[in-house]
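Down below is the structure, laid out as structure tokens.
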Amino acid sequence: MKRLFLAGSVAFLSLGFVHAQDLDAIKTQVLLRQYKAAKGPLDKAITVEKLTKKPEIWALRATVYSVLAEDSATAKDQQDILRKEAITSFNKYKELDPKYALMADNSYTNGPINLYTAAFKKGVAGFNTKSWSEAFTNFEAAVDYADFLAVTKIISNKMDTTSVLYAGASAQNLKDDDNAMKYFTRLTDANVAGKEYEFMYQFLANYYMNKKDNANFAKYIKLGRSLYPDSKYFPAVEEDYANSKDEYYLNMKEGEDLFAKLYPRDDKDIPQGDMAVEMENKMVAAFNKVAIVKPEKAGLAFTNLGNHYINKSVAINKKINELNDEIKAANKNAKPDKTGKLPPISKEFIATRGGLNTEYHAYTDKAIASYEKAADAFGKKASLENIEKQSFKNSVSFLIDLNAEKKSYTAKSNPAESAKFAAAEKKWSDMYSKIK
């Protein structure tokens, strides 16, 4: 019994002694960079519960596995497995050594250094191939490892600006603006600047403008203008932000955007039916709102309305011409009666043409009214911008032509009305010659 008792005791003590020796041996192998040789004893040691409670074993494991994961001699299918195990081991080490005391010993520092290097290289590879998700995930990890290396004073830099920059840029390309903001802000708070960093300040200014965060928007506009005085971006975006709160600007922009959609360059894109009617009503309302908000700046809005009604009248005139062609064709094929007279134009043709003529003149009347308001608004301004001056001339030119047309149209049917149009034509002709 004693022999068995003694043998058992010796075996127990020996086992503990061997494991302690194993950790020292593994540490020595790591120092000597004998990583492959260290892996076997390390895998055995990790199965002992008592040893798994020691941060040293996890720090050593993170080092060995991270090195082997990047070794070209390691099979491809094993590299990712080893890398994941290295990350798991490193996280376990941090859990067991929250003050990172072991990192004062160079024997344990290669783990986080290797993990940082691997993450950075994979981040670069993802960025170069525009695999933004892969790039962000790896640069995010690289930043975390670099922060650890800085906190533990393994490296002297307080921040790895390159990893932070590319983490933010990867997030930006992913349309993950919140994460992009987080990383870019770290750099701006550290006063990182230079030509290659301007886009970052532009992003933050735009980010806070969209968030309607006035204080931070103003902060980054001010920073951007001070760091990049020759940049046109910051003054422009500041003006856009001011305009985004200005009713004149908002209504003018809405009206112009709708005008462009109603009259696209390609006829196939012209809206039809109820959609066109809805867009037209909104456009007219927006331009009229401009005159209420800032009547002194309503010239352009009324010019656009005049142009809209001219476009409408042109479309009606096209229908009138097509109808006249139909009437000519009908007359050409008609047979005269016994007296040699051709049959009269059908009542349907006459009614249709009469309706189109009424519609045409209704639109030209609206065009005249709009151009008159535009001319009045422009005429009250002490000075005009180039676009206003051109619009003023265009408005008055249309008033001359429209009144001349109506003068001729009413000459026989209503001489008194025709005389009014003649006077208006002269009035606007005189004004046109005075516009400088």
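Looking at SER170, SER163, SER231, just one residue is outside any helix (DSSP H, G or I), open to solvent by less than 60 Å² (accessible area, probe 1.4 Å) and either hydroxyl-bearing (Ser, Thr, Tyr) or free of Cβ contacts under 8 Å to residues at least 24 places away in the same chain (or both), and that residue is SER231.
Filter the stretch 95-111 for residues that are in contact (Cβ under 8 Å) with a residue 24 or more places away in the chain and under 43 Å from the mean Cα position of the chain (by Cα); which is farthest from GLN29 (Cα to Cα)? Per the stated criteria, the residue is TYR100. Confirm whether ASP147 is closer than 22 Å to TYR93 by Cβ and crowded, with 19+ Cβ neighbours inside 10 Å. Judged against the criteria, ASP147 is not a match. For the stretch 53-86, a residue qualifies if it is surrounded by fewer than 16 Cβ atoms within 10 Å (Cβ to Cβ) and of a type in the set (Asp, Glu), and the qualifying residues are ASP71, ASP77, ASP80. In the stretch 234-263, what residues are open to solvent by less than 50 Å² (accessible area, probe 1.4 Å) and aromatic (Phe, Trp, Tyr)? Once the filter is applied, which keeps residues that are open to solvent by less than 50 Å² (accessible area, probe 1.4 Å) and aromatic (Phe, Trp, Tyr), the stretch 234-263 yields PHE234, TYR241, TYR248, PHE259. Tell me which of these SER156 doesn't satisfy, since it passes every other one: (1) closer than 28 Å to VAL64 by Cα; (2) open to solvent by 60 Å² or more (accessible area, probe 1.4 Å); (3) in a helix (DSSP H, G or I). Result: SER156 fails condition (3) only. Of the residues ALA146, ALA180, ALA218, which single one is at pLDDT 95 or above, within 30 Å of LYS245 (Cα to Cα) and part of a helix (DSSP H, G or I)? Just a single option satisfies the conditions, and that option is ALA180.
Can you spot a residue in the stretch 67-86 that is modelled with pLDDT of 90 or more, touching a helix residue (DSSP H, G or I) at 6+ places or on another chain (Cβ under 7 Å) and over 30 Å from LEU174 (Cα atoms)? Yes, that holds for at least one residue. Between ALA377, ALA423, the distinction of being outside any loop (DSSP other than H, G, I, E, B), open to solvent by less than 70 Å² (accessible area, probe 1.4 Å), under 30 Å from ALA291 (Cα atoms) and modelled with pLDDT of 95 or more belongs to ALA423 only. Inspect the stretch 87-100 for any residue being among the aromatic types (Phe, Trp, Tyr), out of contact with any Pro (no Cβ under 8 Å at 6 or more places or on another chain), outside any helix (DSSP H, G or I) and at pLDDT 90 or above and give the result as yes or no. Looking for residues that are among the aromatic types (Phe, Trp, Tyr), out of contact with any Pro (no Cβ under 8 Å at 6 or more places or on another chain), outside any helix (DSSP H, G or I) and at pLDDT 90 or above, one finds at least one in the stretch 87-100, hence yes. Beta carbons closer than 8 Å, at least 6 apart along the sequence or on distinct chains, never pair a first residue in the stretch 406-424 that is farther than 16 Å from ILE368 by Cα with a second that is part of a helix (DSSP H, G or I) and open to solvent by 70 Å² or more (accessible area, probe 1.4 Å). Candidates are the residues of the stretch 30-66 that are part of a loop (DSSP other than H, G, I, E, B) and closer than 22 Å to TYR100 by Cβ; the one that is modelled with the lowest pLDDT is ILE46. GLU134: open to solvent by 30 Å² or more (accessible area, probe 1.4 Å) and in contact (Cβ under 8 Å) with a residue 24 or more places away in the chain, yes or no? So GLU134 fails the test. One residue alone among SER429, SER413 is of a type outside the set (Phe, Trp, Tyr) and part of a helix (DSSP H, G or I), and that residue is SER429. In the stretch 183-215, of all residues being part of a loop (DSSP other than H, G, I, E, B) and open to solvent by 60 Å² or more (accessible area, probe 1.4 Å), the one that is nearest to ALA142 (Cα to Cα) corresponds to ASN191. If the requirement is being exposed (fewer than 14 other Cβ atoms within 10 Å of the Cβ) and either under 18 Å from ILE368 (Cα atoms) or touching a strand residue (DSSP E or B) at 6+ places or on another chain (Cβ under 6 Å) (or both), which of these qualifies: VAL284, VAL277, VAL314? Matching residue, one of VAL284, VAL277, VAL314: VAL314. In the stretch 42-70, the residues that are among the polar types (S, T, N, Q) reach residues that are open to solvent by 30 Å² or more (accessible area, probe 1.4 Å) with C-beta atoms within less than 6 angstrom, at least six apart or across chains, in these pairs: THR63/ASN110; SER66/ASN114. From the list ILE345, ILE327, ILE350, ILE310, the one residue that fits, being closer than 26 Å to LYS406 by Cα and touching a residue at least 40 places away in the same chain (Cβ under 8 Å), is ILE310.
Under 6 Å by Cβ, and 6 or more places apart or on different chains, what pairs join a residue from the stretch 268-290 that is within 19 Å of GLU247 (Cβ to Cβ) and of a type outside the set (A, V, I, L, M) with one that is modelled with pLDDT under 95 and not in a helix (DSSP H, G or I)? Correct list of pairs: empty, since none qualify. In the stretch 383-399, the qualifying residues are those that are part of a helix (DSSP H, G or I) and among the hydroxyl-bearing types (Ser, Thr, Tyr), and the one that is farthest from THR364 (Cα to Cα) is SER391.
The values are calculated or read from the model by the stated rules, or taken from the named source; none is laboratory data. All figures in this text were calculated on a predicted structure; none of them were measured in a lab. For neighbour counting, all protein chains shown are included, and Cβ atoms are generated from backbone atoms with ideal geometry for every residue, glycine included. Calculation scope for accessible area: heavy atoms of the full protein, side chains included, ligands and nucleic acids excluded. Shrake-Rupley method; radii C 1.70, N 1.55, O 1.52, S 1.80 Å.
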